[in-house]
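Reading through the structure tokens given below for one structure.
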Amino acid sequence: MLVFNIFGSLAQFERDLIRERTHAGLKAARERGNKGGRRPVVTPDKLRKARAHIAAGLTVREAAARLKIGKTALYKALENA
């Protein structure tokens, strides 16, 4: 029984070390300017083109199809911009 408690304590200690190293690595990456995560599907250039298409009378769905991006992604980009 005592052996299981010791192994459990060692496992918890190792998890804490991993967590600290992960947080330190992410912080260092942010300080170097690395953003992390996926690249945005709708780039500023595509958003500009989409707005031009929509202003010319196309629907959001048609503009998204012409730019080869998803309509949901375009709706969200238009909403957030």
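The values are calculated or read from the model by the stated rules, or taken from the named source; none is laboratory data. For clarity, every value in this text was computed on a predicted model and none was experimentally measured. Because the Cβ atoms are built from the backbone with ideal geometry, glycine has one as well, and the counts that use them run over all protein chains shown.
Each row is one residue, and each column tells you yes or no for (1) in contact with a helix residue (DSSP H, G or I) (Cβ under 8 Å, 6 or more places away or on another chain); (2) among the hydrophobic types (A, V, I, L, M, F, W, C); (3) exposed (fewer than 10 other Cβ atoms within 10 Å of the Cβ); (4) not assigned by TED's automatic domain parsing to the domain that holds residue 65.
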| residue | (1), (2), (3), (4) |
| --- | --- |
| 4 | no, yes, yes, yes |
| 10 | no, yes, no, yes |
| 15 | no, no, no, yes |
| 21 | no, no, no, yes |
| 25 | no, no, no, yes |
| 28 | no, yes, no, yes |
| 33 | no, no, yes, yes |
| 48 | no, no, no, no |
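Check off (1) under 30 Å from residue 76 (Cα atoms); (2) of a type outside the set (A, V, I, L, M, F, W, C); (3) surrounded by 10 or more Cβ atoms within 10 Å (Cβ to Cβ) for residue 37 and give me the number that stays unchecked.
(3)
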